[in-house]
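These notes concern the structure reproduced below.
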């Protein structure tokens, strides 16, 4: 598989989320389209598992920008396995939501796909700051899903969920800033090399 296809694992769920929100009124088509990115992600992750089985790494800088500017995507065997597992879970959960008609709630399919894109990006990124960004991309739709699916008691518990996540996000961002201030980079590969010296 070409490394240039790695950004599609994040871009395709986001594109489909926009498509089904704006252009697709039919619930059956929305349900089917919701499962497409995770199905494709499952196949791509299987190829990545095969490609990295001997300890290899698949890497790509988005839009071929220079290091430090581009979003670096790096996949090894473990991250490929995690992408495969995440894709399988999203596919099964989307099928269950379609079978129980939970996916007919407004924006439910789009929020699930945005969450999936965030998880996939977090598993592939080779940069601590972009890891922070993808974690935030994952958290925002989770707040929407919590509010959409929750009862009043769940919403009260959701305030704790949001508060803890905001605190940990600020702490993580401060940690990334400290790492950058000390090491001059937040690229994981360069940090690993600096630690080995």
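Just so it is clear, none of the values below were taken in a lab; they were calculated from the coordinates. Note that the coordinates shown come from a computational prediction; the quantities given were computed from them, not determined experimentally. Positions of Cβ are generated from backbone atoms using ideal geometry, with glycine treated the same way; all protein chains shown enter the neighbour counts.
Brief remarks follow.
- All distinct Cα pairs of the stretch 134-197 go into the 1/r average, and the inverse of that average, the Kirkwood radius, is 14.0 Å.
- Anisotropy class of the stretch 84-197 from Cα gyration tensor, a/c 1.5 cut: oblate
- Three-way shape label, the stretch 7-122, alpha-carbon gyration tensor, a/c 1.5: oblate
- The stretch 30-96: C-alpha gyration tensor shape, a/c 1.5 cut-off, then a/b vs b/c: oblate
- Once both labels are positioned 7 Å from their Cα atoms along Cα-to-Cβ, the gap between residue 161 and residue 177 label points is 2.8 nm.
- The length gained by stretching the chain between residue 32 and residue 78 to full extension, at 0.36 nm per residue less their Cα-Cα distance, is 13.7 nm.
- Among 94, 2, the order by Cβ neighbours within 10 angstrom, fewest to most, reads 2, 94.
- Ranked by the mean number of other Cβ atoms within 10 Å per residue, highest first, peptides 100-112, 153-165 order as 100-112, 153-165.
- Intensity falloff of the stretch 3-196 expressed as log10 I(q)/I(0), Debye formula with alpha-carbon point scatterers, at q = 0.10, 0.14 Å⁻¹: -0.46, -0.88
- With a simple spin-label model that places each label point 7 Å from the Cα along the Cα-to-Cβ direction, the separation between residue 133 and residue 105 comes to 2.9 nm.
- Between the alpha-carbon centres of the stretch 105-124 and the stretch 126-157 there is a gap of 10 Å.
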